Amino acid sequence: MSVTTEVRPALMGHLKELRLPTVRRCYEETARQAERETLSYERYLLEVIGRECEERRKTRIQRLLKESELPLEKSLPNFDVQRLPTKAQRQLRTLVEGGFLDRKENVLVFGNPGSGKSHLLTALAQELVVTRERRIHFTTCAMLIQDLLAAKRDLRLSKEIKRLSRYEGLIIDDLGYVQQSRDDMDVCSRCWRNGMSAAAC
């Protein structure tokens, strides 16, 4: 029995126990590459661990995108940034850095119907998820109010607000199209008092 035959099952068992699926898949191929290129042990280890980290990052981003409920077709590459005024282009570059989320600041976008407000905000949110790994949630104003009122009716408003507060930012679309009643305003104000950032149009 060769050393390789003895070592492989033990190594696979440890990698499984440590939950390193990417290392399990690529360690042999990478070891052959390391031999060919006479890489040091450290370079070999860096390569396999780097692949594991990259795979985990991709998985985390996919999970965040799914959780965000963003319309993914409205991305920044699909938006003509040149149609924005120069000042707005500069502001967009600043917003993509995500500092407003850390400061818990709101961003309001105004414009005529069909001017691209929703596309711009969802594209910004996608950039924040993909490049900064920030937790963002997209909803319409009508849906948000409906969810909050249902939660209030079912005596679980605090739980719903707590769920929403797990997000670093909320994208609230179609804010101007909803006529709000006293109840609507009450549930919304309770939501905002929890210190979430919101981008609304």
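The values are calculated or read from the model by the stated rules, or taken from the named source; none is laboratory data. What you see is a predicted model, and the numbers here were worked out from it, not measured in a lab. All Cβ positions, glycine included, derive from the backbone under ideal geometry; neighbour counts span all protein chains shown. Protein only, heavy atoms only, side chains kept; ligands, DNA and RNA dropped before computing areas. Shrake-Rupley method; radii C 1.70, N 1.55, O 1.52, S 1.80 Å.
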Is it fair to say Leu65 is open to solvent by less than 30 Å² (accessible area, probe 1.4 Å) and either within 30 Å of Pro21 (Cα to Cα) or among the acidic types (Asp, Glu) (or both)? yes
Which fully enclosed helices (runs of 4 or more DSSP H) of segment 1-107 have 3 or more residues being of a type in the set (Asp, Glu) and more than 17 Å from Leu121 (Cα to Cα)? 21-36, 41-68
Being at pLDDT below 75, open to solvent by less than 20 Å² (accessible area, probe 1.4 Å) and over 25 Å from Gly98 (Cβ atoms): is that true of Val178 here? no
Test result for Arg134, modelled with pLDDT of 95 or more and either closer than 28 Å to Ser75 by Cα or in contact with a strand residue (DSSP E or B) (Cβ under 6 Å, 6 or more places away or on another chain) (or both): yes
Taking the options Arg56, Arg8, Arg25, name whichever one is surrounded by 13 or more Cβ atoms within 10 Å (Cβ to Cβ) and either touching a residue at least 24 places away in the same chain (Cβ under 8 Å) or among the β-branched types (Val, Ile, Thr) (or both). Arg56
Mind listing whichever residues of segment 121-147 are within 14 Å of the chain's Cα centre (by Cα), open to solvent by 10 Å² or more (accessible area, probe 1.4 Å) and among the polar types (S, T, N, Q)? Gln126, Thr131
Name the single residue that is nearest to Val129 (Cα to Cα) among those in segment 85-106 being in contact (Cβ under 8 Å) with a residue 12 or more places away in the chain and among the aliphatic types (A, V, I, L, M). Val96
